[in-house]
Amino acid sequence: MLGQMMDAPLLISELLRHAERYHGDTEIVSRTVEGPIHRYAYRDAARRARQLAQALTRLDVDRNSTVATLAWNGHRHYELYYAISGLGAVCHTVNPRLFADQIRYIVNHGEASVLCFDLSFLPLLEQLAPLLPAVRHFVLLSDRAHLPPDTSLPELLCYEELLAAEDDDYVWPRLDEQTASSLCYTSGTTGAPKGVLYSHRSTVLHALSSSLPDAFGVSADSAILPVVPMFHVNAWGFPYSATLNGAKLVLPGPKLDAASLYELIAGEEVTVAAGVPTVWLALLQHCAQHGLPLNTLEQVIVGGSAVPEAMIEQFARHGAEVRQLWGMTELSPVGTTSSPKFKHRHADDATRRRLQLTQGRPIFGVALRLVDAAGQELPQDGVAFGRLQVQSGWALSRYFRRDDCASHSDDGWFDTGDVATIDADGYMKITDRTKDVIKSGGEWISSIELENILIGHPAVAEAAAIGVAHPKWDERPLMVVVLKPGASASREELLAFYQGKVAKWWTPDDVVIVDELPHTATGKLQKMALRERFSTYRWPEGA
Ligand code: ADP
């Protein structure tokens, strides 16, 4: 027997329709590429998204189209998110930090017919345009005053002019909720970037589940600052979850330096901020240097790479709770968040801190398992570690237009490429990427754990652990370290710092101090480049 309830498809346009009706005057504040702070409310965004949907339709964008964006977090990018997906086309967010050739590959692979971009990316696109044959229209996300008088871009259109020519009579179509809504590519440390094609259903479910109190805890009472870019896994879904809840949205534009972020946090009374650890390290340093408080901040969502303990402590002194998030492009991205349970209410500080240092437990809609090299399932006892696999309504079923990626097990689990433990309460701890784990004498050593310990040393700014070939043990851990400006520390002192913190055989065999570590476009350590650089490294006598 079927239930007898109304059929309401889960559509992205419904998020904005709800915010317009019930949170019409709640603000969206953006720092623009042109300079000034722009303010308006959900009501205005909804109206302009309808105008934009009409304008795009006039550019022949329909349910078979893809529209690409190269843009920072700002109100126009927000409007594009809703207009493109809302009319039934695919919103393809392109990461401008990738190499030009990767951008060329990604835009061509997505087959966008329209490309909308912020002024910052004009020179890049002037260079790339001849190599993007499918793009019929380039749209500058600005007004006429900022349109460059002489550009080699063919028939450059102006966003504000396109909107001004339209009324807002547009009615969002009632799409099948399985319709593709947006497209995002993984940064691809090896090989060509891979696309993940999200649907309306997956996006709305992800927005619902990720805004639960144990996840992002987003509400109409929050002011949210997603520092994570809208070209990086849809800014972890905040443009959707903030809208779903009618939260105030604060968008930082191109200025992601600590002083600019601080100005927004303090000025806009931000309560929830989200981004990768490097952003917060800089902000905390800025606050310490200038004696600045973070009075309004209640929660900092940190993900993308492991959160150092010192960061949790420093934010706690500001009265803000750090919540760790684990996820990936293939998972929309949220899989786990590190929130405590009722039974931890009376736990001591150390226990609660330990929970915060895990990557967290699955939010509703996500299931995790661990398997060994042979694909056999491992116990979730907090000790056994193996390959982490996931199932979820917002995990990909396959990569976009790629048949050559073996990413799923025979029984339908996606292999994340992470190595982890999961304890009996579901708290998952990443010990490594499959390819970064250090294999010593047949056992695995977690590079991430070695890095986190050394980052706790007062002289250390950044640390990377890599496995280097060893005649007896197969591989041994080598630490490559950047010191803080003006700080000094000897190799012996840094190695001694591990005493009592890890098993003796986990202690690295050597530390090398360098000026800089290589990073990917998304700010992650580039371990492969480091391993290459140290491929001729020789262990000191006796190591
Ligand atoms: P994103 O950087 O947006 O999370 P990517 O798809 O670029 O997504 O990278 C996903 C990978 O980042 C994960 O598989 C994992 O290795 C790493 N990662 C994400 N969050 C964390 C975290 N909290 N701690 C450790 N590693 C993380």
Structure-based [θ]222 nm, the chain - -39500 (n - 2.57) summed over DSSP H runs of at least 4, per residue, nearest 500: -8000 deg cm²/dmol
Which of Trp72, Trp505, Trp394 is most accessible, then next, and so on - probe 1.4 Å: Trp505, Trp72, Trp394
The computed P(r) of region 409-543 puts the percent of Cα pairs beyond 17 Å at 62
Of all DSSP beta bridges located in the chain, what percent are antiparallel, nearest 5? 55
Given 4 °C and 1.567 mPa s, how large is the Stokes-Einstein diffusion coefficient of the chain in µm²/s, with Rh as the Kirkwood radius over Cα pairs? 53
Cα convex hull volume per residue for region 155-217 (Å³): 207
Going out from 0 in 5 Å bins, what whole percent of all Cα-Cα distances in region 265-422 drops into each bin? 2, 8, 16, 18, 17, 14, 11, 8, 5, 2, 1, 0
Per the Kirkwood formula over distinct C-alpha pairs, the hydrodynamic radius of region 123-187 in angstrom is 15.0
Spelling out what I want: for every residue of region 355-370, take phi, set θ = phi - 60°, compute 6.51 cos²θ - 1.76 cosθ + 1.60 (Karplus), and round to whole Hz; glycine and proline get x. 5, 5, 7, 7, 7, x, 10, x, 7, 4, x, 10, 10, 10, 8, 10
Quick one: accessible area per residue over the chain, 1.4 Å probe, rounded to a whole number of Å²? 43
Can you work out ³J(HN,Hα) from phi for every residue in region 414-421, in order, using Karplus 6.51 cos²θ - 1.76 cosθ + 1.60 and θ = phi - 60°, giving whole Hz and x for Gly and Pro? 8, 8, 6, x, 9, 10, 8, 10
For Lys429, go through the lysines and keep the ones whose alpha-carbon is under 23 Å away, minus same-chain ones fewer than eight residues off. Lys341, Lys343, Lys439, Lys501, Lys504, Lys524, Lys527
If DNA, RNA and ligands are ignored and the probe is 1.4 Å, what is the ranking of Ile453, Ile37, Ile312 by accessible area, most exposed first? Ile37, Ile453, Ile312
What Rg and what Dmax come out for region 12-200 when only alpha-carbon atoms are used, in angstroms? 16.0, 46
Amide H proximity to Ala461 below 5 Å, modelled H, separation 5+ or other chain, gives Val482, Leu483, Lys484
Return the sequence-ordered ³J(HN,Hα) values of region 453-469 in whole Hz as given by the Karplus equation 6.51 cos²θ - 1.76 cosθ + 1.60 applied to θ = phi - 60°, using x for Gly and Pro. 5, 5, 5, x, 6, x, 8, 9, 8, 8, 9, 10, 10, 10, x, 10, 3
How much length would be gained if the chain were fully extended between Arg345 and Asn108, taking 0.36 nm per residue of separation minus their Cα-Cα distance, in nm to one decimal? 80.1 nm
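The values are calculated or read from the model by the stated rules, or taken from the named source; none is laboratory data. Worth saying up front: this structure is predicted, and the values here are computed from it rather than measured. Quick note on the areas: whole protein, heavy atoms, side chains included, nothing else; ligands and nucleic acids left out. Shrake-Rupley method; radii C 1.70, N 1.55, O 1.52, S 1.80 Å.
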